[in-house]
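**Q** One structure, pasted below without further comment.
The values are calculated or read from the model by the stated rules, or taken from the named source; none is laboratory data. Only a predicted model underlies this, so the values are computations on that prediction, with no experimental measurement involved. As a convention, Cβ positions derive from the backbone with ideal geometry for all residues, glycine included, and neighbour counts pool all protein chains shown. For accessibility, only protein heavy atoms count, side chains too; no ligands or nucleic acids. Shrake-Rupley method; radii C 1.70, N 1.55, O 1.52, S 1.80 Å.
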Amino acid sequence: MSKIALKVENLVKKYSSVVALKGISFEIKKKELFALLGPNGAGKTTTIRIIAGLTNPTSGKIYLFGKSLYDNPIWSKSQIGIVPQHINLDMELTVEENLLIHGLLYKLSLSLIKKRISELLELADLKERKNSKIKELSGGLKRRVLIIRALMHKPKLLLLDEPTVGLDPHIRRKIWSFIKNIQANGTTILLTTHYMEEAEYLADRVAFIFSGEIKAINTPKDFIKQLGNYAVDVYLSDKLKTFYFKEKKEAEKELLKYSKNHFVSLRRVTLEDAFLKYVEKNL
Amino acid sequence: MKGFFATYLREFLLLKKRFIRVLISFSINPLLYIFAFGIGLGKNITIGGKSYLEFLIPGLISATSMMQAFAINVEINIARFYLKIFEEFQSSPISHFSYALGEVLSGVTRAFLATFIILVISFLAGVKFYLNFYFFLTVFLNAFVFASLGLASAMLIKSHADQALVTNFIITPMMFLGGTFFPTENLPFFIKPVIEALPLTITSHTLRSIALYNSFKYSSLFILLVIAIISFMIALYSIKGAKN
Ligand SMILES: Nc1ncnc2c1ncn2[C@@H]1O[C@H](COP(=O)(O)OP(=O)(O)OP(=O)(O)O)[C@@H](O)[C@H]1O
Ligand SMILES: [Mg+2]
C-alpha cells in the first residue's frame, strides 16, 4: 500500500484573462496535514476547487489513493469532503436539515445519517442548535456547521479552504483543536490559509504558493531552521528590519548594538519570517 | 439514483417552510383570472357552447402548472449564484441525472399544488367538469417539460439578471397564446401551426377536451411525453455546461 493520499502533477488552470495555476505539483501523505500558504489570488482556492471536482483543470493529473481522479469521478467525490471558503449552507434550513441533505447526497442510510448527526453535533458543541436555522447562527457557529457537514460521510481526504477566515482569536483556536482532532482520527487534510500561525500550528508540511506557482515545500520547523532560531526586530525610522541568528548570544549582541537608538525586540523565528523571505525573493 | 431524493427533499423542505405564503401566492392569480375574465367579462360569452369560465379553467391549469414548474429556476438561481449550494451538489457523488430528476420533480410538485388550488377554487365557484387519470397525467407531463426547461435555463444563464429575460420573452408570451385564455382557431394562419405545436397548447387542448367532453387523443399525450424526454435531456446537457 502506498503512503500517498493525494498526488497532484503539473496542474495548470487558465481563465480567459489570467493563468491561475502555472503547473503545480505536490504530494500529500496519508494522515498528513498539508497546508497551501499564499497571498490573495495565489491560486489556493483554484487548487481546492479542482481537486473537489468543482472546476476542470486546463491540464495536469490528480491521483487520489493511487487512482486517477478523472477516471473515477463519482468514487473520488465520495472520498473527499470540502469546506469551501465561502459559507454555502442553506440559510433557511436548520442545522439538522443541512446535515441530513448532505448525508443523502453521499448516499448514507437514514439510520447512519441520524447517528452521524448526533456524533458531529456533540463534537462541534452544537447540540442545542440542532433546530436553529443557519441564518440565526453567528459566523463562528456557521463555520463549525460547514466543517461538520463535510465530515458527515467520513471523507478520507478533507479539503479546508481558509477554515478560520474572519473569526475571532478565541474561536479560531477552538477550530484549530477541532481540526487537529479530525486529523488524529485518521483523516488526511489539505488546508489553505494566509494566516502564518495557523499553518505553523496545524501543518505537518507547508507549500508556499505565489501567483500560481509553488516556490517551496517543507515542514514548518525546517523552514524556520533555515533562517535560524532567534530573530531581532529593529524598528528603524522608515521600516522594520529583522536579523536572524542561530545562537541566542549572537542575537543578544545585536540587540545591544541597536538598543541605544532604536526600539528593538528579541523573539523566536516563526514561519512568517520564512514566508516573508520568499515574498521578498519573488517580488 | 438514490441521490435524487436529496435534491428533491431540499426543495420540498424550502417549500414547506413557506407553505402559507406559497399557498396564498398560488391562489391569488387564479382567483384574479377567474374573477376578472370568468365572472367580470365572461358571464354572457360562450365558446363552443360552453361558458367562458368552463373554457378558462383548463387553460388556467395549463398556464399555472407551466409557470409554477418553470419557476424552480428562481430557487436554483438562488442556490447557484447566491447561496452557492449548487457547489454542494457538484462536489457530491450524485449523477447529473439524479440532481436533475430531484429538481424537476420538485417543479412537478409545485405545479400539482397550484393545480389543486385552482380545482378547489373552481369547485367552490360552482364550475363543473370531468376529471380522470389522464387529466393529471397531462398536468404531470406539462410540468415535467417546463420544470426541465426551467432547470436548463437556470444552468445556461450566466447571472441572475438574465433569467427575467428568458421568462419575459418565452414563458409569458406562451402563457397567453398557448390556447389558454382564448381558442387558437382565431390566430393568424402563419403563426397558428407554430403555436399549436407548443407543449403548452397541446396541454391546454388536452385538458380542456377531458374537462369539457371527457375525451382526448392518445397521440397528444405521446407527443407531450416525447417533448418531456427531450426537455429533460436538454436539462442534463446544460448541467454539464454549468461548471466553470
Ligand atoms: N472564475 C474565475 N474566473 C476568472 N478568474 C478567476 C476565477 N476564479 C479565480 N480566478 C483568478 O485566479 C487567480 C487565483 O484565484 P484563487 O481564488 O485561487 O486565489 P486564492 O489563493 O484562493 O486567493 P484568496 O486568498 O484571496 O482566497 C486569481 O487571480 C483570480 O482572480
Ligand atoms: Mg481562496
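**Q** Give me the 1.4 Å probe accessible area per residue for segment A:225-282, excluding ligands and nucleic acids, in Å². Before the final figure, lay out each step's value.
**A** Values: 4100 Å² over 58 residues.
In whole numbers, segment A:225-282 has 71 Å² accessible per residue.
**Q** Write down the Kirkwood hydrodynamic radius of segment A:225-282, to one decimal in angstroms, obtained as one divided by the mean of 1/r over all alpha carbon pairs.
**A** 11.7 Å
**Q** If I compute solvent accessible area with a 1.4 Å probe over the protein chains, what percent of it on segment A:225-282 is carbon and sulfur?
**A** Details: 2130 of 4100 Å².
Its accessible area is 52 percent carbon and sulfur atoms.
**Q** Once every DSSP H run of n ≥ 4 in chain B is given -39500 (n - 2.57) and the sum is divided by its residues, what mean residue ellipticity at 222 nm do you get, rounded to the nearest 500 deg cm²/dmol? Each step should come with its number before you reach the end.
**A** Working: 12 runs with 171 residues, N = 244.
Result for chain B: -22500 deg cm²/dmol, rounded to the nearest 500.
**Q** How far, in nm, would the chain grow between A:THR219 and A:GLU119 when pulled straight, counting 0.36 nm per residue and subtracting the alpha carbon separation?
**A** Working: separation 100, 0.36 × 100 = 36.00 nm, distance 3.26 nm.
So the chain would gain 32.7 nm between A:THR219 and A:GLU119.
**Q** On the accessible surface of chain B, probed at 1.4 Å, how many percent belong to carbon and sulfur atoms? Provide the component values of the computation, followed by the final result.
**A** Numbers: 8100 of 11160 Å².
Ligands and nucleic acids excluded, carbon and sulfur give 73 percent.
**Q** What list of ³J(HN,Hα) values in whole Hz, one per residue of segment A:40-55 in order, does the Karplus curve 6.51 cos²θ - 1.76 cosθ + 1.60 (θ = phi - 60°) give from phi, with Gly and Pro shown as x?
**A** My calculation for segment A:40-55 gives 4, x, 6, x, 5, 4, 4, 4, 4, 5, 5, 5, 7, x, 8, 8 Hz in order.
**Q** Now, a different point. Dipole of segment A:187-283, Cα-centred, from +1 at each Lys and Arg C-beta and -1 at each Asp and Glu C-beta, to the nearest 20 debye? All intermediate terms of the calculation are to be shown ahead of the outcome.
**A** Numbers: 16 positive and 15 negative charges, 87 e Å.
Charge dipole of segment A:187-283: 420 debye, to the nearest 20.
**Q** Please list, ordered by chain and number, the residues whose modelled amide H lies under 5 Å from the amide H of A:GLU32; skip anything fewer than 5 residues away on the same chain.
**A** HN-HN under 5 Å from A:GLU32: A:ILE189.
**Q** Now, a different point. Report the residues of segment B:175-207 in range of a label on B:THR46: point 7 Å along Cα→C-beta, backbone N strictly under 19 Å from it.
**A** Within reach of a label on B:THR46: B:182-183.
**Q** How large is the translational diffusion coefficient of the protein assembly as shown in µm² per second when you combine the Kirkwood radius over alpha carbon pairs with Stokes-Einstein at 4 °C and 1.567 mPa s? Write out the running numbers ahead of the final one.
**A** On the way: Rh = 26.7 Å.
D, rounded to a whole number, is 49 µm²/s.
**Q** Would you mind giving the total buried accessible surface between chains A and B, with a 1.4 Å probe and ligands, DNA and RNA left out, rounded to the nearest 100 Å²? Mind dumping the intermediate values first?
**A** On the way: alone 14750 and 12510 Å², together 24630 Å².
By this definition, chains A and B bury close to 2600 Å².
**Q** Continuing with this model, one more query. Starting from the Cα of B:LYS16, move 7 Å in the Cα-to-Cβ direction to define the label point; list residues of segment B:106-122 whose amide nitrogen is under 17 Å from there.
**A** Residues B:106-107, B:109-110, B:113 qualify, since their backbone N sits under 17 Å from the label point.
**Q** Can you compute the equivalent ellipsoid semi-axes for chain B, i.e. the square root of 5 times each eigenvalue of the Cα gyration tensor, sorted largest first and rounded to whole Å? Kindly include the intermediate steps, with their values, before the conclusion.
**A** Details: eigenvalues 203, 72, 54 Å².
Its equivalent ellipsoid spans semi-axes of 32, 19, 16 Å.
**Q** What is the mean number of Cβ atoms from other protein chains located within 10 Å of the Cβ atom of each residue in peptide A:99-109, rounded to a whole number?
**A** Details: counts 0, 4, 10, 3, 1, 12, 16, 5, 9, 1, 1.
For peptide A:99-109, the averaged partner shielding equals 6.
**Q** Restricting to Cα pairs below 8 Å that are 6+ residues apart, what does the relative contact order work out to for segment B:94-244? Please round to a whole percent. Each step should come with its number before you reach the end.
**A** Details: 130 pairs, mean separation 57.4, N = 151.
Relative contact order, segment B:94-244: 38 percent.
**Q** Let me ask something additional. How many nm separate the modelled label positions at B:ILE24 and B:PHE97, each set 7 Å beyond the Cα in the direction of the Cβ?
**A** Between B:ILE24 and B:PHE97, the label points sit 4.3 nm apart.
**Q** To test your reading of the geometry: what angle, between 0 and 90 degrees and rounded to tens, separates the Cα axis of helix B:218-241 from the longest principal axis of chain B?
**A** For helix B:218-241, the angle is close to 30 degrees.
**Q** Largest first, how would A:ILE62, B:ILE121 line up by accessible area (1.4 Å probe)? Walk me through the intermediate numbers first.
**A** Working: A:ILE62 0, B:ILE121 25 Å².
Correct descending sequence by accessible area is B:ILE121, A:ILE62.
**Q** Separate question: Please check segment B:1-22 for residues whose accessible area, probe 1.4 Å, is lower by 20 Å² or more when all protein chains are in place than in their chain alone.
**A** Residues of segment B:1-22 that lose at least 20 Å² of accessible area once the other chains are added: B:LYS2, B:PHE5, B:ALA6, B:LEU9, B:ARG10, B:LEU13, B:LEU14, B:LYS17.
**Q** Starting at the first residue of segment A:183-199, write each ³J(HN,Hα) from the Karplus equation 6.51 cos²θ - 1.76 cosθ + 1.60 with θ = phi - 60°, in whole Hz, x for Gly and Pro.
**A** So the J values, rounded to whole Hz, are 5, 4, 7, x, 8, 7, 10, 10, 10, 10, 6, 10, 8, 5, 4, 5, 5.
**Q** Still on this structure: Just counting partner chain Cβ atoms within 10 Å, what average do the residues of peptide B:71-83 show around their Cβ? Write down the numbers at each step before the final one.
**A** Working: counts 0, 0, 0, 0, 0, 0, 0, 2, 2, 0, 0, 2, 8.
Taking the mean over all residues of the peptide, I get 1.
**Q** Another one. Averaged over peptide A:89-97, how many Cβ atoms belonging to another chain are found within 10 Å of each residue's Cβ? Walk me through the numbers on the way to the answer.
**A** On the way: counts 4, 7, 4, 6, 5, 2, 0, 0, 5.
Counting Cβ atoms of other protein chains within 10 Å of each residue's Cβ and averaging gives 4.
**Q** Can you give me the Cα centroid spacing of segment B:199-244 and segment A:207-279 in angstrom?
**A** Centre-to-centre distance over Cα atoms comes out at 70 Å.
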